[in-house]
Amino acid sequence: MARIIRFLLVLLVLSFIAAWLAEHPGRLTLNWEDYRVETSVAVLVVAVAAISAGVALLYRLWLAMGSVPGRLRRRSVDRRRARGYKALSLGMVAVAAGDAAEAERHARQADVLLGDPALTLLLSAQAAQLRGDEGAAERFFKAMVERPEMSFLGLRGLINQALKRGNKAEALALARRARLLRPDSAWVGNNLFALETDMGRWDDAAATLREEVRHRAVDKIHGDQLAGALAHLQSLDAEARGDTADALRQAERANKLSPGLVPAAAHLARLLAAMGKDRKARATVEKAWSLSPHPDLVEAYLAIGPAKAVLARVTAVEKLAQRRPDHEESRIAVASAALDAELWGEARSRLRPLSDGDPSARVCRLMARLEESEHKDMAGAHSWLSRASVAPPDPAWICSECAMAARSWTARCPHCGAFASQRWQMPPALAPLAAAGPNSLRLGSPGELRP
Ligand SMILES: [Zn+2]
């Protein structure tokens with residue numbers, strides 16, 4: 001609209017000028033050498049305007065011709081860059097497809113076309129890894145570390161290589177460097193924590209965990225459970241080096257952070273009992289039983305104070321079981337103690353609610369023992385033992401990460417290496433049973449760290 005108005009205004013001005021010139025024609029005479037030109041002012045004005053327009057047109061043409069080589073050059077660079085990015089993309093696809101030769105060909109092509117090693121270093125490293133040339137891949141990763149914008153990615157590649165070689169110390173040093181670059185990276189945090197726990201560096205792992213909780217990479221509840229397990233391990237170490245005061249301090253911290261952690265509660269009760277603090281020891285086990293009843297807590301409870309006769313043991317277990325009277329562990333604990341004391345009625349009354357329906361294998365075994373001991377009923381006992389072989393399996397320490405079942409608690413899952421991941425529960429159907437030694441602290445294998 002504005003352009004139309006402008007055009008009309010120009011037209012109006014021009015027509016005014018033309019009309020004015022027509023009214024005031026005037027004469028103009030030009031003498032040059034032997035030439036003589038006679039014309040009107042109007043013609044002169046038109047001639048001057050035409051010459052000016054011609055000169056302007058020629059100037060624009062000149063400028064346009066001057067910029068042609070630049071434009072051609074730019075277009076060639078653009079085309080080259082597009083081909084470079086295409087080669088880079090195709091190389092990534094080849095890496096994903098596992099085609100080493102294709103990946104390497106595209107990496108070289110992208111390197112030549114883009115002329116920027118920063119963009120192609122990762123592809124070159126991945127292509128080298130794909131063809132099994134770890135040395136070349138390491139060179140590419142190290143070159144990446146030298147470039148500030150690629151440094152983290154290079155360190156990540158080197159960490160994975162060190163883990164693959166099983167060089168945990170090197171992986172740990174590299175992970176700490178990566179941590180300085182990206183303190184909020186969950187990947188670095190996870191690997192750092194896994195390496196530190198794998199190497200038994202409980203203090204360092206506790207510091208890493210605190211940072212993870214601060215960055216909200218680990219939620220507070222899970223963080224407390226992990227910190228509790230770490231404090232328990234620190235307590236065991238302190239006890240092993242004879243520092244009883246530190247052992248007790250760490251055990252109390254572990255119990256406070258994770259009161260339901262059975263091995264930590266049993267350990268604290270043992271330390272307290274050794275110092276003559278029997279009441280506190282019993283209270284610790286009773287609290288743990290109310291949160292997570294477990295057979296190991298029965299043993300820890302009975303070990304407090306002087307050795308007990310079989311009847312006193314039944315009384316003690318009954319007191320502990322009162323914390324969770326209807327829990328299967330409570331019934332089984334009292335029934336076992338009653339069987340030892342030959343209190344058949346007590347044992348039978350505790351087992352009856354569990355033996356109806358689909359009793360677990362250990363309930364079937366206790367029933368077999370009862371039938372054999374009380375009535376000398378060998379056929380009945382045999383029948384219960386047959387049921388035990390097909391009954392639902394007994395509870396075990398089940399890894400929440402990989403579902404592997406273990407007989408005893410371990411700091412790291414013997415199968416997947418996850419830290420403090422075991423829960424006392426019924427195994428899922430067909431879960432394999434890990435061959436962990438009794439109460440041993442086995443650590444997971446290196447290189448199985450979660451990304
Ligand atoms: Zn596991």
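Condition check: within 30 Å of Ala194 (Cβ to Cβ), under 29 Å from the mean Cα position of the chain (by Cα), part of a helix (DSSP H, G or I) and not polar (S, T, N, Q). Does Leu172 satisfy that?
Values: within 30 Å of Ala194 (Cβ to Cβ): yes; under 29 Å from the mean Cα position of the chain (by Cα): yes; part of a helix (DSSP H, G or I): yes; not polar (S, T, N, Q): yes.
Yes, satisfied.
Number of residues in the range 408-427 that are more than 23 Å from the chain's Cα centre (by Cα) and either of a type in the set (Phe, Trp, Tyr) or under 17 Å from Ala227 (Cα atoms) (or both): the value is 2. As a summary of the residue check, Ser52 satisfies the conditions (1) at pLDDT below 90; (2) surrounded by 10 or more Cβ atoms within 10 Å (Cβ to Cβ); (3) more than 30 Å from Leu130 (Cβ to Cβ) except for the one numbered (1). Scanning the range 71-99 for residues that are small (Gly, Ala, Ser), part of a helix (DSSP H, G or I) and surrounded by fewer than 18 Cβ atoms within 10 Å (Cβ to Cβ) yields a count of 5.
Within the bounds of the range 272-286, is there any residue that is surrounded by 19 or more Cβ atoms within 10 Å (Cβ to Cβ), in a loop (DSSP other than H, G, I, E, B) and not charged (D, E, K, R)? No, that holds for no residue. Has the range 145-159 got at least one residue that is assigned to a helix (DSSP H, G or I), of a type in the set (Val, Ile, Thr) and either in contact (Cβ under 8 Å) with a residue 24 or more places away in the chain or surrounded by fewer than 18 Cβ atoms within 10 Å (Cβ to Cβ) (or both)? The answer is yes; a qualifying residue exists. When each of Val46, Val37, Val68 is tested for being over 30 Å from Gln126 (Cα atoms), assigned to a strand (DSSP E or B) and out of contact with any Lys or Arg (no Cβ under 7 Å at 6 or more places or on another chain), the lone residue that passes is Val37. Entry remark, the range 210-248: residues being buried (at least 19 other Cβ atoms within 10 Å of the Cβ) and in a loop (DSSP other than H, G, I, E, B) number 1 in total. Residue pairs whose Cβ atoms lie under 8 Å apart, sitting 6 or more positions apart in sequence or on different chains, and linking a residue in the range 36-58 that is among the hydrophobic types (A, V, I, L, M, F, W, C) to a partner that is part of a helix (DSSP H, G or I), are Val41/Leu21; Ala42/Ala18; Ala42/Leu21; Ala42/Ala22; Val45/Ile17; Val45/Leu21.
Return the residues of the range 373-398 that are of a type in the set (Gly, Ala, Ser) and within 16 Å of the ligand (Cβ to nearest atom); say none if nothing qualifies. Step through it out loud before you land on a result.
Here is the first cut: in the range 373-398, the ones of a type in the set (Gly, Ala, Ser) are 373, 379-381, 383, 386, 388-389, 391, 396.
Result: Ala396, single match.
Of the residues Glu170, Glu252, which single one is over 30 Å from Asp116 (Cα atoms) and not small (Gly, Ala, Ser)? Spell out how you get there, then give the answer.
Values: Glu170 fails: over 30 Å from Asp116 (Cα atoms).
Unique residue meeting the criteria: Glu252.
Within the range 226-242, residues that are farther than 16 Å from Cys413 by Cα and at pLDDT 95 or above have Cβ atoms under 6 Å from residues that are acidic (Asp, Glu) and in a helix (DSSP H, G or I) in these pairs: Ala238/Asp246, counting only partners at least 6 apart in sequence or on another chain. Within the range 399-427, the only residue that satisfies the criterion of being part of a loop (DSSP other than H, G, I, E, B), polar (S, T, N, Q) and away from the ligand (no atom under 12 Å from the Cβ) is Ser408.
The values are calculated or read from the model by the stated rules, or taken from the named source; none is laboratory data. Just so it is clear, the structure is predicted and the values come from calculations on it, not from any experiment. All Cβ positions, glycine included, derive from the backbone under ideal geometry; neighbour counts span all protein chains shown.
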